[in-house]
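Peer 1: For reference, the structure I am asking about is given below.
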Amino acid sequence: MRPALRDSPIAAPATFGDVLCIDDDQVVQILLEEVVRLAGAAYHAARSAAQAKDLLVARRFDLILLDRRLPDSDGLLLIETIRQRGDCPVIVLSEMGCPQDRQLGIGLGATEYLTKPFNPAELSMRIRLILEREKRRLERARDAPITLGHLSYSPAARRLRIGSVETYLPPAEGRMLYLLLTHQGEVLSRDDLTLGACGREWSPGDRTADVLIARLRKKLPNDIAEIVTVHRLGYVLTARPGC
């Protein structure tokens, strides 16, 4: 399931977000799990760069805690991969704490660079503050209209404007259109779409996503965009040339 889908305007999650802790030290992971959960977030673990890359492809995270001395890579090399997936904040946690190391980490895109050993209570507070800030940023982004040619969609109001004509979409249709518009050119599976639009996992025989796609196809002008079926994979919104 693709990560960015947790950005969809559905019911608020039970936690502040998902935090990926990338560190090969089992003792540190046990401590980080407690720190992350104290901050009100969900804990996820990776113990190598390769494992982290697999998780980053599979889902979206709201914050990443990153060690440098991984068994298969300098953790800083993962920042580029993280940035390719979006603007997820990154806190580097490393024993390598000289000014040059800090400058390198921040220069490569880390949000913060902390040295080990760290204060668990302080780290938990930093995690909570960053997640709260990211939540506010995403809420502001969701309120901004999304435009495509002479189509404009306002997610908060679920208002679809095509030229001078306005319509208001039902909640599930609105959430699905938001996903498609914010992932143009990206194939979204039925699992992605069902979770984003309805807040539940897709199961074989569940036709909800297909029904919602059919309804949206009737509402989107063919000269602006097309929702294309990708056999066995899902759907993709493709913009017409010139939009």
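The values are calculated or read from the model by the stated rules, or taken from the named source; none is laboratory data. Predicted model only: the values in this text are computed from it and were never measured. Here the Cβ is made from the backbone with ideal geometry for all residues, glycine too, and neighbour counts use every protein chain on show. Keep in mind that these areas ignore ligands, DNA and RNA; they rest on the heavy atoms of the full protein, side chains included. Shrake-Rupley method; radii C 1.70, N 1.55, O 1.52, S 1.80 Å.
Peer 1: Considering the chain as a Gaussian network with a 10 Å cut-off on Cα pairs, which listed residue, 216, 55, 31, attains the greatest mean-square fluctuation?
Peer 2: The residue that fluctuates most here is 31.
Peer 1: Set the Förster distance to 25 Å, then compute FRET efficiency between residue 73 and residue 137 from the Cβ-Cβ distance, nearest 0.05. Walk me through the numbers on the way to the answer.
Peer 2: Values: r = 29 Å, r/R0 = 1.16.
Efficiency for this residue pair is about 0.30.
Peer 1: State whether the chain is rounded, prolate or oblate according to the following rule on the C-alpha gyration tensor (a ≥ b ≥ c being the square roots of its eigenvalues): a/c under 1.5 gives rounded; otherwise a/b larger than b/c gives prolate, and the remaining case gives oblate.
Peer 2: Numbers: a/c = 2.21, a/b = 2.13, b/c = 1.03.
Verdict is prolate for the chain.
Peer 1: Evaluate E = 1/(1 + (r/R0)^6) for residue 128 and residue 167, where r is the Cβ-Cβ distance and R0 equals 45 Å; express this FRET efficiency to the nearest 0.05.
Peer 2: On the way: r = 40 Å, r/R0 = 0.88.
Rounded to the nearest 0.05, the efficiency is 0.70.
Peer 1: How large is the accessible surface of residue 164 in square angstrom, using a 1.4 angstrom probe and rounding to the nearest 10?
Peer 2: 110
Peer 1: Using a probe radius of 1.4 Å on heavy atoms only, what accessible surface per residue do you get for the chain? Whole Å² is fine. Write down the numbers at each step before the final one.
Peer 2: On the way: 12160 Å² over 243 residues.
Dividing the accessible area of the chain by its residue count gives 50 Å².
Peer 1: Mind listing the long-range amide H neighbours of residue 42? Cut-off is under 5 Å, sequence gap 5 or more, other chains count too, H placed in the peptide plane at 1.01 Å from N.
Peer 2: The answer is 16, 17, 18, 19.
Peer 1: For residue 84 and residue 201 in one chain, what is 0.36 nm times their gap in residues minus the Cα-Cα distance, to one decimal in nm?
Peer 2: Extending this stretch completely gives an extra 39.5 nm.
Peer 1: Next question. So if each residue of separation counts as 0.36 nm, and I subtract the Cα-Cα distance between residue 186 and residue 222, what length gain in nm does that give?
Peer 2: On the way: separation 36, 0.36 × 36 = 12.96 nm, distance 1.85 nm.
Length gained, residue 186 through residue 222: 11.1 nm.
Peer 1: Then there's this: Name the long-range amide H neighbours of residue 225: under 5 Å, sequence gap of 5 or more, or other chain; modelled H, no Pro or chain starts.
Peer 2: The answer is 240.
Peer 1: Considering the chain as a Gaussian network with a 10 Å cut-off on Cα pairs, which listed residue, 181, 104, 56, attains the greatest mean-square fluctuation?
Peer 2: Comparing 181, 104, 56 in the GNM, the peak value goes to 104.
Peer 1: How far is helix 120-143 tilted, in degrees, relative to the longest principal axis of the Cα atoms in the chain, given as a value from 0 to 90 rounded to the nearest 10?
Peer 2: Approximately 20 degrees, to the nearest ten.
Peer 1: Hey, with R₀ at 41 Å, roughly what FRET efficiency would residue 42 and residue 232 work out to, going by the Cβ-Cβ distance, to 0.05? List each step's numbers first, then the result.
Peer 2: Details: r = 30 Å, r/R0 = 0.74.
Computed FRET efficiency for residue 42 and residue 232: 0.85.
Peer 1: Using just the helices of the chain, give the 222 nm mean residue ellipticity in deg cm²/dmol: DSSP H runs with n ≥ 4 each add -39,500 (n - 2.57), and the total is spread over all residues, rounded to 500.
Peer 2: On the way: 8 runs with 96 residues, N = 243.
Estimated from H runs of four or more residues: -12500 deg cm²/dmol.
Peer 1: Got a sec? Charge dipole of the range 124-187, +1 on Cβ for Lys and Arg, -1 for Asp and Glu; which of 131, 163, 184 is way out at the positive end?
Peer 2: Result: 131, furthest along the dipole toward the positive end.
Peer 1: Something else: Rank 29, 100, 184 by mean-square fluctuation in a GNM of the chain with C-alpha springs under 10 angstrom and give only the top-ranked residue.
Peer 2: 100
Peer 1: Additional query: Label the range 94-139 by shape, choosing from rounded, prolate and oblate, from the square roots a ≥ b ≥ c of the eigenvalues of the Cα gyration tensor; if a/c is under 1.5 it is rounded, and otherwise prolate applies when a/b is larger than b/c, oblate when it is not. All intermediate terms of the calculation are to be shown ahead of the outcome.
Peer 2: On the way: a/c = 4.93, a/b = 1.46, b/c = 3.37.
Judged from the Cα gyration tensor, the range 94-139 comes out oblate (a/c at least 1.5, b/c at or above a/b).
Peer 1: Given a 1.4 Å probe and every protein chain left where it sits, what share in percent of the accessible area of the chain is carbon and sulfur?
Peer 2: Numbers: 6470 of 12160 Å².
So the carbon and sulfur contribution to the accessible surface is 53 percent.
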